[in-house]
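Trainee: One structure coming up, written as structure tokens, with questions to follow.
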Amino acid sequence: MAQVRGVAPYWILVFSIGFGWFILAPLVPVVASTFKVSVSAVVLLISAYGYAMAILGLLAGLLSAKFSVRASLLASSVLTSVGLLGRALSTNFAEFLAFSLLGAMAYPLAVAPLGSIAEAYLKKRVQTFSGITVGLLFLGMSFGSLMGSAIFSLLGLRGTLLIPSALAFVALALIAIAKDFPKSFSRSLKGAFK
């Protein structure tokens, strides 16, 4: 149980990234009409997370190895929190785009140290840990896409976009204040992919 408690901040971060990413899916027409842009411009934002992973993934791995897992996760938490909050408070599409891209940069920083975190918590079950982590990312994505329109009908666009931001700030706070998390992790992926 202590292992789950220790890794919970990381899993909340991963879930909030997926949730914040795909909550836009059912809101594409609303965002397009609010900012008076084309639907394809808004869809590009959803694709930005994939582009960020492809472009920044290797760099994120190097940064995680050079500095620390903790630094990588704190950077990811800050980028996610600020990006999602800025996106929710945007007054024009340029701001919305900039903050969305900032939030997208957090995705590879959160995923890069996955092997180190898995090795630290479940040395004999690295694949299980990896599966749970990726599953939580996709669970966040599915919750965002399935619940986004229902949340929008209750809270409007700004309120809907503030929810994943609040969740990201919870993850940031938990990662920042956790005593054992993630200082004790190695920066090695040795043994993670046998």
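Results for (1) farther than 24 Å from Leu45 by Cβ; (2) at pLDDT 85 or above; (3) not in a helix (DSSP H, G or I), shown as yes or no for each residue.
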residue	(1), (2), (3)
Pro108	no, yes, no
Ala118	yes, no, no
Gln127	yes, no, no
Gly131	yes, yes, no
Val134	no, yes, no
Leu139	no, yes, no
Gly144	no, yes, no
Met147	no, yes, no
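Trainee: Take segment 10-41 and flag every residue that is under 17 Å from Arg158 (Cβ atoms), touching a residue at least 12 places away in the same chain (Cβ under 8 Å) and hydroxyl-bearing (Ser, Thr, Tyr).
Mentor: Scanning segment 10-41 gives a single hit, Thr34.
Trainee: Can you give me the number of residues within segment 47-82 that are touching a residue at least 24 places away in the same chain (Cβ under 8 Å) and touching a helix residue (DSSP H, G or I) at 6+ places or on another chain (Cβ under 7 Å)?
Mentor: The number of residues fulfilling the criteria is 20.
Trainee: Oh, and also: I want to confirm something. Restricting to segment 65-105 and keeping residues that are at pLDDT below 95, assigned to a loop (DSSP other than H, G, I, E, B) and more than 14 Å from the chain's Cα centre (by Cα), which single residue is nearest to Gly18 (Cα to Cα)?
Mentor: Ser68
Trainee: Okay, next question. With the structure loaded, tell me whether Phe152 is under 16 Å from Gly20 (Cβ atoms), surrounded by 19 or more Cβ atoms within 10 Å (Cβ to Cβ) and either among the basic types (Lys, Arg) or touching a Ser or Thr at 6+ places or on another chain (Cβ under 6 Å) (or both) or whether it fails that test.
Mentor: So Phe152 fails the test.
Trainee: Test Leu155 against the criterion of being farther than 22 Å from Ala104 by Cβ, in a helix (DSSP H, G or I) and either out of contact with any helix residue (DSSP H, G or I) (no Cβ under 6 Å at 6 or more places or on another chain) or modelled with pLDDT under 95 (or both), and give yes or no.
Mentor: yes
Trainee: With the requirement that a residue be among the small types (Gly, Ala, Ser) and crowded, with 24+ Cβ neighbours inside 10 Å, what does segment 19-34 give you?
Mentor: Result: Gly20, single match.
Trainee: In segment 37-49, is there at least one residue being farther than 22 Å from Gly148 by Cβ and not in a helix (DSSP H, G or I)?
Mentor: no
The values are calculated or read from the model by the stated rules, or taken from the named source; none is laboratory data. Just so it is clear, the structure is predicted and the values come from calculations on it, not from any experiment. Note that each Cβ is placed from the backbone with ideal geometry, even for glycine, and that neighbours are counted across all protein chains shown.
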